[in-house]
Amino acid sequence: MIETEVLVLGAGPAGVSCALECLDNKLDVLVLEKERQPGGQLNQIPSAIRNLATGSYDDGASLAGSMTEAARSVLAERLLTDCAVSSVDLKNKTVESNRGQISYRAFLIATGYRVRRLGIDCPDYICEHVLYRSGIYKDLLKKKSVVVVGGGDSALLTALDLEAICSSVYLIHRSSTFRARPDLVQAVEEHPRIAVHKNSSIRSFRGEAALTGVLISKDGEEFEIPCSKVVVKIGYAPNTELFAGQINMDERDHIVCDRLGATSIAGVFCAGDIVSGGVDRIAWAMGSGTASAFGIRKYLGHKF
């Protein structure tokens, strides 16, 4: 069995920030990350990041690269990537992983989000044209007619990003109002090459050998939009299934905690996207990770 003072599950902005703060305060810390590289959802952000006081980044991957460099250089062997966790026992303070069983004194849950799926059944030859990321598929999207689904920042940023390379862009949103930032809403609604359809949803896909269009329901009427690709940006779901029934969560399966990340179980903390009442911003995730490190230090008996 591997033993550590502080175990961090997830190497996104929240988890890495907590780990660095803990290490800086001479705590024995171990970080587990299921992917090959740290960064979490950062690696799926195609647009520029300009709202961090540390500087501007061309996209999420560039920020993730900078964070990975810092994490690997400081944490070194304390960062375990390709580490899949199969079960967590919060009562007995143990984790089962493909690296073996791990025990801890304090535990930070920073498992982040995963992409929400559209939930419409379709054959494989159609599903391969329904994408949940756009940045890595830009070559496939060039000069194509594309439908973007969603109403948050990510959806609108994707529509604005694809407009420059696609033959046509349609933005489908189920509500009458967008959830995105006001500047993005204005940019999309005033853009002459982005067709916006509110109060709309995809009913089904069209095409016998490949995707040729989508059937849209809007205000009680149905019509077809021709397209060869669909990019879905309808938000994220928290990765909290491992902790169901063990810890207090809200109705959206986000973990309830105090301002220093302390949860309903002593010694268990949470940070980042999975925090109930949290803010969907990178800077907030970093800050909540650092705050949780202070909560962990307090729990372990550090004096301030």
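Here is a yes/no grid of residues against (1) at pLDDT 90 or above; (2) of a type in the set (Asp, Glu); (3) surrounded by 14 or more Cβ atoms within 10 Å (Cβ to Cβ):
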site: 8; (1), (2), (3): yes, no, yes
site: 12; (1), (2), (3): yes, no, yes
site: 17; (1), (2), (3): yes, no, yes
site: 41; (1), (2), (3): no, no, yes
site: 55; (1), (2), (3): no, no, no
site: 73; (1), (2), (3): no, no, no
site: 80; (1), (2), (3): yes, no, yes
site: 83; (1), (2), (3): yes, no, yes
site: 90; (1), (2), (3): yes, no, yes
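Could you please give the count of residues in the range 145-172 that are among the hydrophobic types (A, V, I, L, M, F, W, C) and farther than 21 Å from residue 48 by Cβ?
As a first pass, look at the range 145-172 and keep what is among the hydrophobic types (A, V, I, L, M, F, W, C): 146-149, 155-157, 159-160, 162, 164-166, 169, 171-172.
Checking which are farther than 21 Å from residue 48 by Cβ leaves us with 147, 149, 172.
Counting residues in the range 145-172 that are among the hydrophobic types (A, V, I, L, M, F, W, C) and farther than 21 Å from residue 48 by Cβ gives 3.
For (1) closer than 30 Å to residue 247 by Cα; (2) without any contact (Cβ under 8 Å) to a residue 24 or more places away in the chain, each residue gets a yes or a no:
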| site | (1), (2) |
| --- | --- |
| 47 | no, no |
| 50 | no, yes |
| 59 | no, no |
| 62 | no, yes |
| 66 | no, yes |
| 73 | no, yes |
| 78 | yes, no |
| 86 | yes, yes |
| 91 | yes, no |
Practice problem: Give the residue that is farthest from residue 199 (Cα to Cα), with candidates limited to residues of the range 232-266 that are in contact (Cβ under 8 Å) with a residue 60 or more places away in the chain and touching a helix residue (DSSP H, G or I) at 6+ places or on another chain (Cβ under 6 Å). | Solution: 261
Self-check item: Residue tally, condition charged (D, E, K, R) and buried (at least 16 other Cβ atoms within 10 Å of the Cβ), over the range 134-173
Solution: 4
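Being closer than 20 Å to residue 44 by Cβ, in a strand (DSSP E or B), of a type outside the set (Ser, Thr, Tyr) and in contact (Cβ under 8 Å) with a residue 12 or more places away in the chain narrows it down to one residue among 146, 196; which is it? Break it down into steps so the answer makes sense when it comes.
Details: 196 fails: closer than 20 Å to residue 44 by Cβ.
Of 146, 196, the one residue that is closer than 20 Å to residue 44 by Cβ, in a strand (DSSP E or B), of a type outside the set (Ser, Thr, Tyr) and in contact (Cβ under 8 Å) with a residue 12 or more places away in the chain is 146.
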Quiz item: If we keep just the residues of the range 203-233 that are aliphatic (A, V, I, L, M) and outside any strand (DSSP E or B), which is nearest to residue 160 (Cα to Cα)?
Solution: 211
Exercise. Just give me the residues in the range 109-127 being farther than 15 Å from residue 204 by Cα and either free of Cβ contacts under 8 Å to residues at least 40 places away in the same chain or out of contact with any Leu (no Cβ under 7 Å at 6 or more places or on another chain) (or both), in sequence order.
Key: 112, 113, 114, 115, 116
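The values are calculated or read from the model by the stated rules, or taken from the named source; none is laboratory data. Quantities reported herein were computed from a predicted structural model and do not represent experimental measurements. Cβ: placed from backbone, ideal geometry, glycine included. Neighbour counts: every protein chain shown.
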